[in-house]
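Chemist: Got a structure here, written out as structure tokens. Questions coming.
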Amino acid sequence: MEDLEMQWDQFSLTEEENSVIEIGSVDLSEVTKKGELCVVCKLWSDRRVGKDIVRATMAKIWRVDRSFTFQEVSTNLFVITFVCKEDKNRVLEGRPWLFGNCLLVLKPLDGFIHPMKMNFDSECFWIQMHNLPFVCMKSEIGKKIGESIGRVQEVDVREGGSEWGGVLRVKVELNLKKAVARGRTMDVLGKKHLISLKYEKLPRLCFDCGMIVHGGKGCSNSNGNGSGKQYGT
Ligand SMILES: [Zn+2]
């Protein structure tokens, strides 16, 4: 489809091809109803994976009604139709999801965009902030640090968050084409603190540049820049 659009850009269109067909009004009720049960799903993997394998694997992980369907739109791009809204919402709420060690990005269905035109370059992750001084175990501080990483969705201060040695958990929407943040430096009343970040359910990422998804040009640091594999093994 992308090829077709690139070609389209190079064509000089005839008058008929270029004349606009006005779609005055559309019936939204059908797409709204379908959208309540559907999500669009992109599997970030270098190899093509068949929909039946992805479906069977995720059915076990998600524990959803077995009659949900997977429709392959393009390579590793699927529209999933759940049997009920509750299943759909629970799966969306539980993001991120991994298929093996590859990331599955899920987005709500948008009736106004073809799935191939949708953007799958971001996903939500729970990030644990370690080594935070006790005075910083607060929702507003988690939000502030989280905002330096991506778009903050939620801060969880419950799980041991108010205790010494506890961790602050923040749900952040990450740009997958940016190196994964390993930590942050904080200054509290003139004293520096290095905060290390740990990701719950982190997929495979590039050990050279730290990105989960490479852009069109591939790895920007494939020669390692002499600094070794900065993102571990
Ligand atoms: Zn890379």
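The values are calculated or read from the model by the stated rules, or taken from the named source; none is laboratory data. All values derive from a computational prediction rather than experimental measurement. Note that each Cβ is placed from the backbone with ideal geometry, even for glycine, and that neighbours are counted across all protein chains shown. Heavy atoms of the whole protein, side chains included, go into the accessibility calculation; ligands, DNA and RNA do not. Shrake-Rupley method; radii C 1.70, N 1.55, O 1.52, S 1.80 Å.
Chemist: Does Val64 count as over 30 Å from Ala179 (Cβ atoms) and either in contact with a strand residue (DSSP E or B) (Cβ under 6 Å, 6 or more places away or on another chain) or aliphatic (A, V, I, L, M) (or both)? Working first, answer last.
Modeler: Working: over 30 Å from Ala179 (Cβ atoms): yes; either in contact with a strand residue (DSSP E or B) (Cβ under 6 Å, 6 or more places away or on another chain) or aliphatic (A, V, I, L, M) (or both): yes.
It is true that Val64 is over 30 Å from Ala179 (Cβ atoms) and either in contact with a strand residue (DSSP E or B) (Cβ under 6 Å, 6 or more places away or on another chain) or aliphatic (A, V, I, L, M) (or both).
Chemist: Six or more apart or on different chains, Cβ atoms under 6 Å: show the pairs whose first residue is in the range 104-132 and basic (Lys, Arg) and whose second is assigned to a strand (DSSP E or B).
Modeler: Going by the 6 Å Cβ cut-off, the qualifying pairs are Lys107/Val40.
Chemist: Determine whether Ile113 is of a type in the set (Val, Ile, Thr) and surrounded by 13 or more Cβ atoms within 10 Å (Cβ to Cβ). Break it down into steps so the answer makes sense when it comes.
Modeler: Details: of a type in the set (Val, Ile, Thr): yes; surrounded by 13 or more Cβ atoms within 10 Å (Cβ to Cβ): no.
So Ile113 fails the test.
Chemist: Determine the pairs where a residue that is modelled with pLDDT under 65, located within the range 215-233, has a partner that is within 11 Å of the ligand (Cβ to nearest atom) with Cβ atoms under 6 Å apart, the partner being 6 or more residues away or on another chain.
Modeler: Gly224/Asp208
Chemist: Out of the residues in the range 98-108 meeting the condition of being of a type outside the set (Phe, Trp, Tyr) and assigned to a strand (DSSP E or B), tell me which one is surrounded by the fewest Cβ atoms within 10 Å (Cβ to Cβ). Steps first, answer last, please.
Modeler: Let us first name the residues in the range 98-108 that are of a type outside the set (Phe, Trp, Tyr), namely 98, 100-108.
Remaining after also requiring assigned to a strand (DSSP E or B): 98, 102-108.
Numbers: Leu98: 16, Cys102: 17, Leu103: 25, Leu104: 26, Val105: 25, Leu106: 20, Lys107: 18, Pro108: 12.
By that ranking, first place goes to Pro108.
Chemist: Let me ask you something else. From the list Arg95, Arg90, which one is open to solvent by 30 Å² or more (accessible area, probe 1.4 Å) and either outside any loop (DSSP other than H, G, I, E, B) or of a type in the set (A, V, I, L, M, F, W, C) (or both)?
Modeler: Working: Arg95 fails: either outside any loop (DSSP other than H, G, I, E, B) or of a type in the set (A, V, I, L, M, F, W, C) (or both).
Only one candidate qualifies: Arg90.
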